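The values are calculated or read from the model by the stated rules, or taken from the named source; none is laboratory data. Computed from a predicted structure; not experimentally measured. Counting neighbours? That spans all protein chains shown, and the Cβs are built from the backbone with ideal geometry, glycine included. What goes into the accessible areas is simple: the full protein's heavy atoms, side chains included, and nothing from ligands, DNA or RNA. Shrake-Rupley method; radii C 1.70, N 1.55, O 1.52, S 1.80 Å.
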Amino acid sequence: MSSLSRELVFLILQFLDEEKFKETVHKLEQESGFFFNMKHFEDQVQAGEWDEVERYLCGFTKVEDNRYSMKIFFEIRKQKYLEALDRHDRAKAVEILVKDLKVFASFNEDLFKEITQLLTLENFRQNEQLSKYGDTKSARNIMLLELKKLIEANPLFRDKLTFPPFKTSRLRTLINQSLNWQHQLCKNPRSNPDIKTLFTDHTCTPNNGARPPPTNSPLVGPIPKAGAFPPIGAHSPFQPVVSPSASAIAGWMSSTNPSLPHAAVAAGPPGLVQPPNAAAAFLKHPRTPTSAPGMEYQSADSEHLMKRMRTGPSDEVSFSGATHPPNIYSQDDLPKTVVRTLTQGSNVMSMDFHPQQQTILLVGTNVGDIAIWEVGSRDKLAYKTFKVWDVTACSMPLQTALMKDAAISVNRCIWGPDGSILGVAFSKHIVQIYTYNPTGELRQHLEIDAHIGGVNDIAFSHPNKQLCIITCGDDKTIKVWDAVGGRRQYIFEGHEAPVYSVCPHHKEAIQFIFSTAIDGKIKAWLYDCLGSRVDYDAPGHWCTTMAYSADGTRLFSCGTSKEGDSHLVEWNESEGAIKRTYSGFRKHSLGVVQFDTTRNRFLAAGDEFQIKFWEMDNTNILTTTDADGGLPASPRLRFNKEGSLLAVTTSDNGIKILANTDGQRLIRMLESRAFEGSRGPSEPINTKPQIVNALAAATNVSAPLAASLERSDRIPPPVSMSSLATMDSSRTADIKPRISDDVDKTKSWKLSDIVDSAQLKALRLSDPLSSGKIVRLIYTNSGLAVLALASNAVHKLWKWQRTDRNPSGKSTASVAPQLWQPNSGTPMTNDISESNPAEESAACIALSKNDSYVMSASGGKVSLFNMMTFKVMTTFMPPPPAATFLAFHPQDNNIIAIGMDDSTIQIYNVRIDEVKIKLKGHQKRITGLAFSQAMNVLVSSGADAHLCVWSIDGWEKKKSRFIQAPPGRSASLVGETKVQFHNDQAHLLVVHESQIAIYDSKLECLRSWSPRDALSAPISSAIYSCDGLLVYTGFCDGAVGVFDADSLRLRCRIAPTSYIPPSVSSNNSVYPLVIAAHPSEPNQIALGMSDGAVHVVEPPDGESKWGAPPPQDNGTLPSLPSNAALSSQASEPPTR
């Protein structure tokens, strides 16, 4: 079937849906196989209409098509079978077994026997694997989640899960256009024609009653632009076409300038034509078809039509039908779930998603840095600090400005139309253009000394089919530059204040630019030298930005006045007037409100420490989100092109990525990819798998979510009775099909063993004063400094400076930092208990999100220090008991969880100096605390190897358990136990001298690793990397292990000889007591040593990561236990 025929099917589907022919719609979906209606499928599954479910599926796939299809049908038939058993309908169960399930016996006979044996049980829940099966409704819902994942992963459903985006009533629009053209061809057009049939071409009956034959002459000239249809009951289908004057770009852009060299033809709004009181939207070139077989364009009818179109108004036909409100959008389409938190390290000033790669984010900061993030994998693909590429080419004003003040900020960064180029506008004169390739490489392309003062905005456009760069600046001008050579093509002057923003756009062949200045003036420019076509005032009369909807049909602006009043409005382009004003802003905003549009449906703006959403057709707020807190007063934000992700700036120099369901699916797809290997797609394996252990725990199918992202060396997941075995989708049985090739790959993989200083970059931080052991160590959130707490209660702060070798000022092992001391020379020193020496006390430390103060204790009172002055701001909590661990509440820095030496946890409000509640659940001192804002819980760990989960809302204990002893150890463990949440806020790293382990939200151990072989010493410390992909683990013999965070497989061993000087390494008692992970560089760590030293360690130059990722086991997914039989360094499944 041709693509046009396929599109016609979609138009018919839309028409049938609008006319409420529901059964016919789904029948056509099934028979055509073009669109899989997931909502209909869900409804049928939840209703238990199993015959209809399979019938609908068969329009898209068959059981034997591939492994995904096999598993889909198996899950449905298994559920049908279990429901029959649950109703004690044995006859029906036997029928299903023989008729539906027996087909799977050829793949796994043992499975079929096991399913058959369920018939012998009075209640199939007596089977251990099905003991947690709930009621029918919940079981269907759980199964449905599994089915949706399988369908999304199935290559046969690719491009069939999303209905093409086009306007409502599109088929009616096309019919309307046809009738209008037929009426244009009438020899004797009537002002109120009567449309009685669509079966024959329309013609108007002459006055004498004779009816001329319908004409089949071809149509010429521009095709009117279709809009929405008038509602039913609008019985005046003919509306006059308004032909504007040739000198207008739009009704609100007229001027006394000479007319433009374009023929004026109207474009139409709802009903295909403009109402009498509105001008044409924009000028267009008349378009004549160039070639079409069998068409004669010089017919009398054609000339008659052209004559009428030149001379003025005409009448048009409109075929009206019932209209239905759009139903393809809901609040669920808005990205509101936080899925990523990225630490940029500097205040983010501008962001832009790549136009094609939906998870690539360009970021510019207040210190002139730009970075490119892959938000799915959390990888920073590129990073550039500001520098002038060619100082000799700079103007004297720029050189003078840089001499006076070298500080420079990014005002705007933006991708080019196809993502192969990007532009950066800086706060001083400069615009820099880079070329970009998909590997993340940035190359210098153009540096333009564009404006005197700041360059406030930059954009790309295509006038005359040539890529151009548009800039505006403090010098009150807008300039257009050739994107190839950087030659200036136009300069637009006319603003009387610095130009704040530009918004290029086009309507048909007309290219134009809107600009706004800080005096509130809006102007519009064509690519000529004839001056501005518009001079209007923006609401607020200050900083305003403008943007079109994705389809280019609706214009919006958002701005804030000097008094703080914000205005978000939609413009009526034809009149230059405000069409609607959106409500819901704070009375006096604390900054300039930023906004964005998405999906031709929604608007979003950052205001009042949150994100506010509107539907474009409704002036009232649709919904809001605070993105789990931590946003500035007026956060910057940016949607990706699909509207599935939303990037939002945070108050701690970071970025949060919010996602809707599609965005979360996209992130999961990226998470499922191997850490190394090609970024390009590879062909899926289409091998029929064995159906293994079908009564086992739920299988996570997120790894092979899409065939385009699937690795060819992965083994298909086993078909299982997944979602019914347990209600926990994060666990699975460790039973996999064996394939020899993958075993060979596993055996051939070699562990990276770093034993020499030449194999890494290591820097011992200078410290003239002896300080005993380093007991606590953290990076500042900015990544510019390292803070250590020694066993003698003294704090030490090393800061990296901006230098030629380190222009970013970020921590690095290549440049030595300075040990910072206040003018007074008095270091930050904790209060010490008189009864208990500091060396024997448990030390603790916590840093505020903005790095402005640190809370610390060394056995005495808890001290709050100012990080700038090193002065004590206050002390509290005198011992006994002594504080042993500190953690800031994720939503309120004034609330602190304090673990105590007497095994209690005190929830303390610093501002009012009050203990809100004491939590009791441990038997020994508290050694670890971790908040999860996503789950709204606090997890605590103690020296009793006990874990407790507390609800943040009421502080009640939800769950507790002792950590499991590894094989060969006694059943009960004691000793310091620490906890840390993964970035996903759901998985928990538990660290004990005997093991590192990953637990889920229910405190179920997913996988663990215990010391052995080359890393046999007890564990001293462990921590996640900032991107959550690695676990760094220190050992009491001085070694450091780098583990894959998903599988806990060792990917790199760092021997003590590689970073400890020979004079020190001879002392076997020197080892890392504590490890700190850099907040934005996932492969940099700092080690706090037992001899008081601090080392910063990174991979060597030329290598960006530690070692190579360990191979995946057959059939395993990143979140599942590994097969210990294949590697001596594999993680272990939890002991039961």
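Observations on the model:
- Every pair of residues 6+ apart whose Cβ atoms lie under 7 Å, when the first sits in region 445-461 and is more than 12 Å from TYR500 (Cα to Cα) and charged (D, E, K, R) while the second is assigned to a loop (DSSP other than H, G, I, E, B) and open to solvent by less than 30 Å² (accessible area, probe 1.4 Å): ASP449/CYS394; ASP449/HIS429
- Within region 417-438, considering residues that are open to solvent by 20 Å² or more (accessible area, probe 1.4 Å) and more than 13 Å from ALA450 (Cα to Cα), the one nearest to the chain's Cα centre (by Cα): PRO438
- Flag for ASN207 being more than 27 Å from SER549 (Cα to Cα), touching a Phe, Trp or Tyr at 6+ places or on another chain (Cβ under 8 Å) and modelled with pLDDT under 75: no
- Of the set (1) hydrophobic (A, V, I, L, M, F, W, C); (2) within 23 Å of ARG961 (Cβ to Cβ); (3) out of contact with any Cys (no Cβ under 6 Å at 6 or more places or on another chain); (4) assigned to a strand (DSSP E or B), all apply to VAL915 but (2).
- Selection count where residues are over 22 Å from ASP851 (Cα atoms) and crowded, with 20+ Cβ neighbours inside 10 Å, scope region 764-790: 1
- So THR516, is it of a type in the set (S, T, N, Q) and farther than 27 Å from GLN399 by Cβ: yes
- In region 876-920, residue farthest from the chain's Cα centre (by Cα) [restricted to those that are open to solvent by less than 60 Å² (accessible area, probe 1.4 Å) and at positive phi]: MET877
- Test: residue in region 97-106 that is under 25 Å from GLU23 (Cβ atoms) and within 43 Å of the chain's Cα centre (by Cα): yes
- So SER1063, is it out of contact with any Pro (no Cβ under 9 Å at 6 or more places or on another chain), in contact (Cβ under 8 Å) with a residue 60 or more places away in the chain and polar (S, T, N, Q): no
- When LYS861 is tested against (1) within 34 Å of the chain's Cα centre (by Cα); (2) surrounded by 16 or more Cβ atoms within 10 Å (Cβ to Cβ), just one condition goes unmet, and that condition is (1).
- Checklist (1) at pLDDT 90 or above; (2) crowded, with 18+ Cβ neighbours inside 10 Å applied to VAL755, failing item: (2)
- Scanning region 323-353 for residues that are part of a loop (DSSP other than H, G, I, E, B) and open to solvent by less than 30 Å² (accessible area, probe 1.4 Å), we see that the one that is modelled with the lowest pLDDT is GLY345.
Condition check ((1) on the phi > 0 side of the Ramachandran plot; (2) among the hydrophobic types (A, V, I, L, M, F, W, C)) across all residues:
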{"position": "GLY954", "(1), (2)": "no, no"}
{"position": "GLY975", "(1), (2)": "yes, no"}
{"position": "PHE981", "(1), (2)": "no, yes"}
{"position": "ASP984", "(1), (2)": "no, no"}
{"position": "HIS987", "(1), (2)": "no, no"}
{"position": "GLU1004", "(1), (2)": "no, no"}
{"position": "SER1010", "(1), (2)": "no, no"}
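- Qualifying residue in region 589-597 (condition: in contact with a Ser or Thr (Cβ under 9 Å, 6 or more places away or on another chain), closer than 21 Å to THR649 by Cβ, surrounded by fewer than 17 Cβ atoms within 10 Å (Cβ to Cβ) and in contact (Cβ under 8 Å) with a residue 24 or more places away in the chain): yes
- Cβ pairs under 8 Å, 6+ apart, first in region 387-416 and open to solvent by 70 Å² or more (accessible area, probe 1.4 Å), second outside any strand (DSSP E or B): LYS387/PRO807; VAL391/GLN399
- Of note, ILE175 satisfies the criterion of being assigned to a helix (DSSP H, G or I), open to solvent by 10 Å² or more (accessible area, probe 1.4 Å) and not charged (D, E, K, R).
- The selection criterion, being open to solvent by 50 Å² or more (accessible area, probe 1.4 Å) and not basic (Lys, Arg), does not hold for THR136.
- In region 570-588, the residues that are in contact with a strand residue (DSSP E or B) (Cβ under 7 Å, 6 or more places away or on another chain) and either charged (D, E, K, R) or buried (at least 20 other Cβ atoms within 10 Å of the Cβ) (or both): GLU570, TRP571, GLU573, LYS579, ARG580, TYR582, PHE585, ARG586
- Any hit, region 556-566, residues being open to solvent by 10 Å² or more (accessible area, probe 1.4 Å), in contact (Cβ under 8 Å) with a residue 24 or more places away in the chain and under 30 Å from the mean Cα position of the chain (by Cα): yes
- Test result for ASP537, over 24 Å from GLN511 (Cβ atoms) and exposed (fewer than 15 other Cβ atoms within 10 Å of the Cβ): yes
- So ASP652, is it under 30 Å from LEU847 (Cα atoms) and open to solvent by 50 Å² or more (accessible area, probe 1.4 Å): yes
- Any chance GLU52 is under 21 Å from LEU156 (Cα atoms), open to solvent by 40 Å² or more (accessible area, probe 1.4 Å), in contact with a Gly (Cβ under 7 Å, 6 or more places away or on another chain) and part of a helix (DSSP H, G or I): no
- One residue from ILE907, ILE896, ILE963, ILE926 being farther than 26 Å from GLY629 by Cβ and touching a residue at least 40 places away in the same chain (Cβ under 8 Å): ILE963
- Filter result (of a type in the set (Lys, Arg) and either touching a helix residue (DSSP H, G or I) at 6+ places or on another chain (Cβ under 7 Å) or within 13 Å of ASN830 (Cβ to Cβ) (or both)) within region 844-883: LYS861
- The criterion of being modelled with pLDDT of 85 or more, more than 23 Å from PHE512 (Cβ to Cβ) and in contact with an Asp or Glu (Cβ under 7 Å, 6 or more places away or on another chain) does not hold for SER589.
- Strands (runs of 3 or more DSSP E) wholly inside region 1022-1119 that include at least 3 residues being modelled with pLDDT of 90 or more and open to solvent by 10 Å² or more (accessible area, probe 1.4 Å): 1072-1077
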